[in-house]
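Take a look at the structure set out below.
Any read-out appearing in this document is the output of simple, stated calculations on the displayed coordinates, not a laboratory observation. Quick caveat: nothing in here was measured; it's all calculated off a predicted structure. Please note: Cβ atoms are built from the backbone with ideal geometry, for glycine as well, and neighbour counts cover all protein chains shown.
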Amino acid sequence: MLAEKLRLMLEESGISFKSNTKSYVMECPRCHKREKLYIRKADGRFVCWVCKESEGYSGYAEWCLTDLTGKTVDQIRAYLYGVNTPVGRFIDIKFDEFFGDEDEIPLFVGGDLKPIEDDPGFRDLDSPAGTRGVAYLARRGIPLGVAKEYGIKTWPARNSIVFPVVFRGSQVGWQTRYIGETEVLDDEEASPVSLKIPKAMTSLGLKKERTLMFSDRIVGDWVVLCEGPIDALKAHLCGGNVAALGKGVSGYQLDLIKNMGIKRLYLGLDPDAFMESAKILREMAQYVEVYDMRPPAPYGDLGEMTMEEVKVLFDKAPRLHPNHLFLYLKDHYAV
């Protein structure tokens, strides 16, 4: 029984803890706040109610137990689950799952984030207003059926397509992609001014560093980490494809990935993000197998490849040793 195994591991490791109806309660190894870390007895889900907000510290038990006990993730998984390690997926942490009816709920436990509604100007891609968006996506090698599967919409008033950011079942924002050309503004008192429209814009209030686009679609034990939404869509045939929404990948985002219980991480960042790839490798190699899925020259990113080419890249991706050295030259890279 998992609850008994959890209790024994805590006791054998000398971890001081309390118990309520549904959870084991103890000091968090990250923030060192007393009685803020809860491990659910039934399935091993854990959450620190402090670090959850600042670092996304919640998920499968092995990720907090390795911090608490010093044991490796593989050792903990073998002890708790045997061969039946849970498949990777984001876990929706709901406070009532850690407390029984007779338990007193502490004041520090907060509620879930409120969902963000679509802008009134959004339109479905298969509506009459979606023609230009569909044409743009087709030029980028993304069929309408795939785009609809990911909930992509069009914003005619902004001449943009819209990629939703859905996290743990709720839409928390979106990122737009401008699909027009550079516009020229006529000024009666001056020469025409060339105005470059930003290629991508993020909805107000969305903290990109605290989520991953398309994360709710993950069902396996691997993640393909990409920079932007087009790159991630090109990895559709691989599964587990997410976008960090920029070249930088935050520690919060890496914690989210670790807390899914995945076993393999594929780095699909652009070749010129070699320093970021090296940082991620150093951080993640102790937890999961890391594979090199950067696009080969002359491609600048996964978005320039076909879905089929990206799938071949995924299937043949070499595993990276923690001490691999990343080198990058323009139009060429090496490990």
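Table for the structure above
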| item | result |
| --- | --- |
| Pairwise label distance in nanometres, residue 19 with residue 315, each label 7 Å out on the Cα-Cβ vector | 5.1 nm |
| Ranked list, fewest to most other Cβ atoms within 10 Å of each Cβ, for 2, 137 | 2, 137 |
| Estimated inter-spin distance, residue 171 and residue 279, nm [label 7 Å along Cα→Cβ] | 3.1 nm |
